[in-house]
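Have a look at the structure below, then the notes.
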Amino acid sequence: MREDSIWAVYEQRLHRVSAYIHDHLDEELDLDRLSAIACLSPHHWHRVYRAVHGETLAATVKRLRLHRAAGDLVGTNLSVEEIARRTGYPNLQSFNRIFKSVFGMPPARYRREGSHTIFQSVSKKGIGDMYDVTTKTLPPRELVGVSHTGSYMAIGRAFETLGGTLQARHLFLPEMKMIGVYLDDPELVPEDKLRSFACVTEGEHVPAEAPLVHRHLDGGEYAVLRHKGPYADMDRAYRWLYGEWLPQSGREVRDTVMFEEYINNPRDAAPTELLTDIHLPLK
């Protein structure tokens, strides 16, 4: 079998396993079960998965579950005990220990004092000093990506598909930057209808063969807010950018899409060290 045909088979298996992980985070996800879904022995599948995604299957499952747990702590009234069970830790002490090792503080404290809370009580006097907001003029950019419908917190599924597809087709370039394009306002559109795209730059020469699609980003002036911390906290950053910074800036929003550029990778950086540039288009 030709090499490109072999990787086409692996690509389908990567997509199948990634979709299964995201759909069954509440269930037991051990190597044997995921290898069976991939139709390969655990030994070989683990090597293929790690070569393509840069982390083990166990690391992916742990990262996604803790990412969701952080979102639950910030955005729901679920008790820490309920979130621990949902994350696969029936023992609360184990959940507290693992969560603290990743997020730098236990879950109950994170709910009270996590980085999302800085946007709740800032005085207007200190805004200019506390937040890293700059204006930049950017050229148009051509992207290639994978579409996603549903919760913006779940766009990681589309990024997994995008990364696996690019690697399997030998299309990934080191200079590609990760971009999230979000088309709808979550306060106006039902969660299951929200539209977004997980993308990378340098997409003009990448064939738009399913599941890949091309997207265009308009050039022009943007206000750029650098957010440091877990993705689950970013809703507060958006509210502050629109509710505090924009009225005081004297600027108007331009009628084109907002986007996020991810400066580092959640596979390599701790959640508290994640850097995201939120781009708000300006007239």
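The values are calculated or read from the model by the stated rules, or taken from the named source; none is laboratory data. Computed from a predicted structure; not experimentally measured. Cβ sites come from the backbone with ideal geometry, for glycine too, and all protein chains shown count toward neighbours. Please note that ligands, DNA and RNA were not included when accessible areas were found on the heavy atoms of the full protein model with its side chains. Shrake-Rupley method; radii C 1.70, N 1.55, O 1.52, S 1.80 Å.
Points worth noting:
- Failed item, numbered, when Phe197 is tested on (1) of a type outside the set (Asp, Glu); (2) over 19 Å from Leu162 (Cβ atoms); (3) touching a Gly at 6+ places or on another chain (Cβ under 6 Å): (2)
- Scanning the stretch 242-283 for residues that are among the aliphatic types (A, V, I, L, M), in contact (Cβ under 8 Å) with a residue 60 or more places away in the chain and either touching a Pro at 6+ places or on another chain (Cβ under 8 Å) or not in a loop (DSSP other than H, G, I, E, B) (or both) gives Val257, Met258, Leu282.
- The stretch 32-53 - residue that is β-branched (Val, Ile, Thr) and under 22 Å from Phe172 (Cβ atoms) and, of those, farthest from the chain's Cα centre (by Cα): Val48
- Of the residues making up the stretch 37-70, just one is small (Gly, Ala, Ser), over 17 Å from Asp26 (Cβ atoms) and in contact with a Gly (Cβ under 9 Å, 6 or more places away or on another chain), namely Gly54.
- Residue in the stretch 237-244 that is open to solvent by less than 30 Å² (accessible area, probe 1.4 Å) and within 17 Å of Leu162 (Cβ to Cβ) present: no
- Of the residues making up the stretch 12-59, those that are of a type in the set (Asp, Glu) and within 17 Å of Gly163 (Cβ to Cβ) number 1.
- Which numbered condition Thr272 fails, given (1) over 18 Å from Leu143 (Cα atoms); (2) at pLDDT 90 or above; (3) not charged (D, E, K, R): (2)
- In the stretch 63-89, the residues that are touching a residue at least 24 places away in the same chain (Cβ under 8 Å) and open to solvent by 60 Å² or more (accessible area, probe 1.4 Å): Gly75, Arg86
- Test result for Thr56, more than 16 Å from the chain's Cα centre (by Cα), under 21 Å from Val102 (Cα atoms), surrounded by 12 or more Cβ atoms within 10 Å (Cβ to Cβ) and modelled with pLDDT of 80 or more: yes
- In the stretch 152-164, the residues that are outside any helix (DSSP H, G or I) and either open to solvent by 30 Å² or more (accessible area, probe 1.4 Å) or of a type in the set (D, E, K, R) (or both): none
- The set of residues in the stretch 15-36 being open to solvent by 40 Å² or more (accessible area, probe 1.4 Å) and in a helix (DSSP H, G or I) consists of Arg16, Tyr20, His22, Asp23, Leu31, Asp32, Arg33, Ala36.
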